[in-house]
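Take a look at the structure set out below.
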Amino acid sequence: MQSDENRALAGRRILLGVTGGIAAYKTVELVRLLVKSGAEVQVVMSGGASQFVTPMTLQAVSGRPVRQALFDEAHEAAMGHIELARWAELILVAPASASFMARLANGFADNLLSTLCLASAAPLCLAPAMNQQMWQNPATQENASRLLRRGVQLWGPASGDQACGEVGPGRMVEPEALFQQACRHFTSGVLAGVRVLLTAGPTREPIDPVRFIGNRSSGKMGFALARAFVALGAHVELVAGPVVLVTPPGVERVDVETAREMEQAVLDRVASCDIFVGCAAVADYRPEVAADQKIKKDNEQMAIQLVRNNDILAAVAAMPEGPFTVGFAAETQSPEHYAEKKRLAKKVDMIAANLVGAQSGGFERDENALTLLWAGGQAVLPMADKGVLAQQLVTLIAEHYENRHTTKDT
Ligand code: C5P
């Protein structure tokens, strides 16, 4: 009997792009898995790809002639490239090289595969594969975030040993995992029907009508998470402190200024949410009184009495039958140590630790690195664009949320 996952691919039309990289040999296994589960797979190879795997091999496993050239009369007569672009229900490029991603990010149509990607309305998913330094290069990271902003999905890369002998992020996700992703793609978003409530950005605690206590949070990570949750089919409400960011498409946004406004906005909405992510840098203290008028500089010294704000995340985590909770821990030293203490103290399901105040990553920057901790496990997400990181983090949150439900239900 076929599983639901296998049935999801029966008769699906998948255009499988292969670009130049040692990981191309693994694509043979991916094609085999897709075809075995009933998908129609049309392989399109870039010039570089045939250095690593032969068209004959991919033709044998896919059962269809492989397409390579843009102006190939015989193939164009059978199915023109525009027809092929329309035929595809999903375009998956595995491996996607750094050069292919750069071409795509810039909209070039200088070979068959990049032309098909431009000419097709089908969802486009890339499985990046390259040397770890190439993946971490700002040029590649910029291309990745441009593609993400346009709705392209990145499946990976994974981290680990590389063919070049180095270790780090840039390995192509294994064929079996890519196959599973393709199945999930066709069984709607992994988080379809799931309601997510997120906080993002800083808060402002007024001292008087013109001054406030704030912090350096830009809201970029929280907004990137909101976008990544939407991409997985979730319904997303975003409670945002004062930030200068555009609301991602499909996200319901509530603007607040102070920690107490953020707390109220969360409490008003939390009962109907399934996942709560506290990404905001909420002020721990607020001035006990905010002056009605601008304070004059009459004295040499002045003191502002501060009082504690409630911990929104801890309050949500303490709710009976509450949502799956994810918190952040921005630390200036030993992030994992302090984050683990925070996870236990606040009783959250997962906590994402990051170092702030260092040379790279953290507040106000476009990139970050996170260590994710949960009861009995952890995952390291190396330095990457916050959009890329958000996709990886949301995928992990979705897995753990799903497991919690399966465990509860059985
Ligand atoms: O204790 P600390 O402020 O470092 O904890 C950070 C985590 O707690 C973040 O997820 C943040 O959104 C959340 N938090 C909160 N309410 C507060 C303080 C922090 O929700 N008053």
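List of remarks:
- Membrane-span-like helices in the chain (whole DSSP H runs, Cα extent of at least 18 Å along the helix axis, mean Kyte-Doolittle hydropathy of at least 0.0): 24-36.
- With at most 12 other Cβ atoms within 10 Å, longest stretch of the chain clear of loop GluC sites (Glu not before Pro) (DSSP): 1-165
- Mean separation of Cα pairs under 8 Å and 6 or more residues apart, divided by the residue count, gives region 1-91 a relative contact order of 33 percent.
- Magnitude of the charge dipole, the chain, Cβ model with Lys/Arg +1 and Asp/Glu -1, debye to 20: 180
- With 28 Å as the limit on Cα-Cα distance, the pairs of Lys220/Lys341; Lys220/Lys346; Lys220/Lys342; Lys220/Lys296 that go past it are Lys220/Lys296.
- Counting 0.36 nm for each residue step from Glu83 to Arg184 and taking away their Cα separation leaves a gain of 33.8 nm.
- Using a Förster distance of 30 Å, the FRET efficiency for Ala192-Val244 (Cβ separation, nearest 0.05): 0.45
- Using a probe radius of 1.4 angstrom, the carbon and sulfur fraction of the accessible surface of region 4-185 is 53%.
- Once the chain from Glu29 to Asn106 is taken as fully extended at 0.36 nm per residue, the excess over their C-alpha distance is 24.7 nm.
- Annotation: extensible slack from Ala69 through Glu288 equals 71.8 nm (criterion: 0.36 nm per residue apart, minus Cα-Cα distance).
- For region 195-409: relative contact order, % (alpha-carbon pairs under 8 angstrom, 6 or more apart): 19
- Take the Cβ atoms of Ala315 and Ala177, set R0 to 35 Å, and the FRET efficiency comes out at 0.45.
- Positive minus negative residues near Thr27 (Lys, Arg vs Asp, Glu; Cβ under 15 Å): +3
- Theoretical ellipticity at 222 nm over the chain - DSSP helices of four or more residues, -39500 (n - 2.57) apiece, nearest 500: -10500 deg cm²/dmol
- Under 15 Å from Lys36, Cα to Cα: aspartates and glutamates that are on another chain or at least 8 residues apart: Asp4, Glu5, Glu176
- Where a label projected 7 Å from the Cα of Val254 along Cα→Cβ would reach, residues of region 193-218 with amide N under 17 Å: 195-204
- Rounded accessible area per residue of region 86-145, 1.4 Å, Å²: 35
- Mean Cα-pair separation over length for the chain, i.e. relative contact order, pairs under 8 Å, 6 or more apart, %: 11
- Proximity of backbone amide H atoms, modeled 1.01 Å from N, is registered between Val239 and Leu198, Thr199, Ala200, Val254 at under 5 Å, excluding neighbours fewer than 5 places apart on the same chain.
- Paramagnetic label zone (point 7 Å from Cα along Cα-to-C-beta, Leu267; backbone N under 15 Å) in region 319-336: 319-320
The values are calculated or read from the model by the stated rules, or taken from the named source; none is laboratory data. This one's a predicted model, so the numbers in the text were calculated from it and none came from an experiment. Heads up, the Cβs are rebuilt from the backbone with ideal geometry, glycines too, and the neighbour counts pull from every protein chain shown. Surface areas here come from the heavy atoms of the whole protein model, side chains and all, with no ligands, DNA or RNA. Shrake-Rupley method; radii C 1.70, N 1.55, O 1.52, S 1.80 Å.
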